[in-house]
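Rule-based calculations on the coordinates, nothing more; no lab input. Owing to the predicted nature of the structure, the values given are computational and were not obtained by experimental measurement. Ideal geometry is used to build each Cβ from the backbone, glycine not excepted, and the neighbour counts take in all protein chains shown.
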Amino acid sequence: MSRLTLGNVVKVTTVLLFLPLLAYLVLVIGAVRKNLRATLEGLLYAGAFSTAVFVLDFWGLPALLALTAMGASGVRSWHLRDLWLPARRRWWKRDPAGTSSVVEPARAHGGLAVEGSDHLPSAVAWVRMQAERNRHRLPEDAHRTVLQTCQVLDAVLAAEQREPTADPRFEYELDAMARRYLPAVLKSYLAIAPSRVHERQPNGRTPVEELTEQLRILAAQAAALDASRHRHLTAELSTSGNFLREKYGYHQPDAADRVR
């Protein structure tokens, strides 16, 4: 999927114009996208660069430190390109099931953005289909966990389609769960020969144990996304209620009024 869009061209051009300040790029990406991990990482690069340029003598080791911070920030900016250089995308729309599940995380006003005709429900459907097709190769607990996780994700996606939260971080995590993490774990396990799934690996675990543990983590994350969405909607309802009571002068009756 192409990233050659007008918005991305403008962003890259701006970065090139301010190339000496490349060390601050990861910090800017994290701050704009409200990504805590990227922000903290960007503070490290920006702090090292600022110390080298404004505190220490720029020549010698400080210059090396500044260049290292710029290079590291540039490399990490490319790794984080999904956050600031999204591929060409369209609004979420109903498409026939069974299409490819390549989706770029992006925020769209009023719904979840996806690329082309691909969308997240089809990604979850692919996982469920693979789990059923390879049921004989999956441990019973793992098969059950995959189906339960898909069920939770389906419910969250359906709710998002009806009433989007418009929370970029939530949408990014939901996209990553449905499009990347869950399919990747399943595909990686199924790529292993059945005769080797019980062999101990250097980390001391067998592929079966790894699959079970990773699916347990993903199931917990799916449940956390579901709970997060409910908390968000509940908070919105309370906020609108407080606004209406304040605007129109209606207040909750106190305990004495309720007794009377």
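Annotations for the structure displayed:
- Long-range Cα-Cα pairs in the stretch 174-226 (distance over 19 Å), rounded percent: 32
- Each label was represented as a point 7 Å from its Cα along the Cα-to-Cβ direction; for E209 and H79 these points are 2.8 nm apart.
- Extension gain (nm, one decimal) between Q151 and R137, 0.36 nm per residue minus Cα-Cα: 3.0 nm
- Centroid-to-centroid separation of the stretch 1-68 and the stretch 201-226 [C-alpha atoms, Å]: 35
- By other beta-carbon atoms within 10 Å, ranking I217, I192, I29 with the fewest at the front produces I217, I192, I29.
- The three principal axes of the Cα atoms in the stretch 107-248 give end-to-end lengths of 70, 33, 23 Å, sorted in falling order.
- Length released on extending from F54 to L17, taking residue separation times 0.36 nm less the Cα-Cα span: 11.2 nm
- Once the Cβ-Cβ distance of I192 and R144 is raised to the sixth power relative to R0 = 22 Å, the FRET efficiency obtained is 0.65.
- Relative to its residue count, the stretch 6-84 spans a Cα convex hull of 77 Å³ per residue.
- Taking the average, over residues, of other Cβ atoms within 10 Å as the packing measure, peptides 151-160, 131-140 rank 151-160, 131-140 from highest down.
- Note on T5 and Y181: the extension gain reaches 60.7 nm, defined as 0.36 nm multiplied by sequence separation minus the Cα-Cα distance.
- Computed from phi, the 3J(HN,Hα) profile of the stretch 74-79 under the Karplus parametrisation 6.51, -1.76, 1.60 (θ = phi - 60°) reads x, 5, 5, 4, 5, 5 Hz, with x in place of Gly and Pro.
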